[in-house]
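Below is one structure, written out as C-alpha cells; the observations come after it.
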Amino acid sequence: MLDLLESFASVVELTSLNQASKRLNISQPALSRQISKLEAELGVELFIRHGKRLELTRVGQLTYEFALDIRNRQLDFLKSIADYKAEGHATVTIGASLTTLQTTLPLFVSLYVKKHPEANLKAVTGKTHEIVSRVREQSVDLGLVADAIREPGLICIPLFADHLQLVLPQNHELAGCRDWSMARLNGLPMLLFSKGTWYRKLIDDLFRRYRIMPDIRMEIDSFEAIVRLLSTSHAAALLPKSYLRPEWLQDNKLVAIHLKELKQTERITSIVYSEQAALSHAAKRFIEETAQAATTWNHIFKKE
C-alpha cells in the first residue's frame, strides 16, 4: 500500500494524472489503475471526478495527510539508517602517550575491535601534556594517558592504578632469589626507559630516594624493544605491572619480582576528553566499553 499512497500523494500535489505519471515515470493508465486499486482497498472514493479535473473528497484529504505522514516517517527512517551506517564507519581518534601506546592501548583496542570489527580507530602519539593539549583543542576525540588529569573543561575517567615491577629473564642468576630488597638493584645491569619519559622520571626519583645506582646498559623508548633485549642482554628492567600477565611472562620467558617499594611508582591510567566535545556515537561507545573493561580488570587484580 505504501507505493499506492505515494502515487496518490503525487496526484494530489500536481493536481494532474498526466504530471504525476511523469514524476513517477509510469504511464497515465497505469497510474489511474493504482488510484483505483487504492480506492478499492480502502473502500472509499478519494476523488470526485469532473471530467479531467480531480477534486479531493473529505476522506481523500484525510488519506493525503496520512500519506504525507507515512512519507515523512519513511524519510526520517531512511535518514536514521544512513546516519547509523555512517556512524559505524566513523573514525575514533585516540591520543596516547608513547608508553600507553605500547602497553595499555593495545589491550583496550583489541577488546574493542574484537567486539566491533567494523571500527575505525586512529592513534596519535605524544607526551602526556601534548595529548592533553590535543584533547583540549579537540583535534583528538579522547586521550589515554598515564596520569589523573584535573583541569576545568576536561572530563577525566580513571581506569586503573598501575606501578612498576622488576622483571628478569627466567635464566637470570637472581631469578630464583627470595630475599629481595631495593639494595639488590645497586650495580644490577638494567635496561631503562629513555630520559624524558614519565616512567623514567618515576624510576629516577625512586633511585634517588633509595640511593640506588644500577648498571644502566641501555636506555630505550620502546617497551617492546626492552622486552626483546632482556634475555640477550642478561639484564633486568622495571615495567608496568598491568602488562605483566602470567601468560605473557611465560611466553617471553620472564619472571616478575615483587618489591613493596616499587608501589611508590604508582600512577593512574585515565581516559580524558573535552566536556564541550561533540563526540560521535563510536567515540562514546569506545569510552564506555573501555571503562567497563578496566573495571573488570581491577576486580581481577584485587583477587590476585
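The values are calculated or read from the model by the stated rules, or taken from the named source; none is laboratory data. All values derive from a computational prediction rather than experimental measurement. As a convention, Cβ positions derive from the backbone with ideal geometry for all residues, glycine included, and neighbour counts pool all protein chains shown. Heads up: the accessible areas ignore ligands, DNA and RNA and are worked out on the full protein's heavy atoms, side chains in. Shrake-Rupley method; radii C 1.70, N 1.55, O 1.52, S 1.80 Å.
Filtered by the rule that a residue be in contact (Cβ under 8 Å) with a residue 12 or more places away in the chain, within 22 Å of V59 (Cβ to Cβ) and aliphatic (A, V, I, L, M), region 19-46 gives A20, L31, I35, L38, L42, V44, L46.
The residue that is nearest to G51 (Cα to Cα), among those in region 1-18 that are open to solvent by 90 Å² or more (accessible area, probe 1.4 Å) and not charged (D, E, K, R), is T15. Within region 228-249, how many residues turn out to be in contact (Cβ under 8 Å) with a residue 40 or more places away in the chain and under 20 Å from F160 (Cα atoms)? Residues that pass the stated criteria total 7.
Filtered by the rule that a residue be exposed (fewer than 14 other Cβ atoms within 10 Å of the Cβ) and of a type in the set (A, V, I, L, M, F, W, C), region 22-67 gives A30, A40, I48, L62, F66. Within region 179-199, restricting attention to residues that are farther than 30 Å from L101 by Cβ and either touching a strand residue (DSSP E or B) at 6+ places or on another chain (Cβ under 6 Å) or not in a helix (DSSP H, G or I) (or both), the residue that is most open to solvent (accessible area, probe 1.4 Å) is D179.
In this structure, I226 does not qualify as in contact with a Phe, Trp or Tyr (Cβ under 8 Å, 6 or more places away or on another chain), open to solvent by 40 Å² or more (accessible area, probe 1.4 Å) and β-branched (V, I, T). Would you point out which residue out of I48, I35 is under 16 Å from L2 (Cα atoms) and modelled with pLDDT under 90? Exactly one residue qualifies, and that residue is I35. Taken over region 125-161, the criterion of being part of a strand (DSSP E or B) and either more than 17 Å from T269 (Cα to Cα) or touching a residue at least 40 places away in the same chain (Cβ under 8 Å) (or both) is satisfied by L142, G143, L144, V145, L154, I155, C156, I157, P158, L159, F160, A161. If you go through region 160-203 and keep only what is more than 17 Å from K263 (Cα to Cα) and hydrophobic (A, V, I, L, M, F, W, C), you end up with L168, L174, A175, C177, L188, M190, L191, L192, F193. Is there a residue being of a type in the set (V, I, T) and out of contact with any strand residue (DSSP E or B) (no Cβ under 9 Å at 6 or more places or on another chain) anywhere in region 200-221? Checking region 200-221: at least one residue is of a type in the set (V, I, T) and out of contact with any strand residue (DSSP E or B) (no Cβ under 9 Å at 6 or more places or on another chain).
The test for being in contact with a His (Cβ under 8 Å, 6 or more places away or on another chain), surrounded by fewer than 18 Cβ atoms within 10 Å (Cβ to Cβ) and more than 30 Å from H116 (Cα to Cα) holds for H234. Applying the criterion of being hydrophobic (A, V, I, L, M, F, W, C) and within 29 Å of the chain's Cα centre (by Cα) to the residues of region 211-237, the residue that is modelled with the lowest pLDDT is F223. Condition first: in contact (Cβ under 8 Å) with a residue 24 or more places away in the chain, more than 14 Å from the chain's Cα centre (by Cα) and under 30 Å from K263 (Cβ atoms). Can you find one or more residues in region 116-123 that meet it? No. Across region 238-272, the qualifying residues are those that are open to solvent by 10 Å² or more (accessible area, probe 1.4 Å) and aliphatic (A, V, I, L, M), and the one among them that is modelled with the lowest pLDDT is L244.
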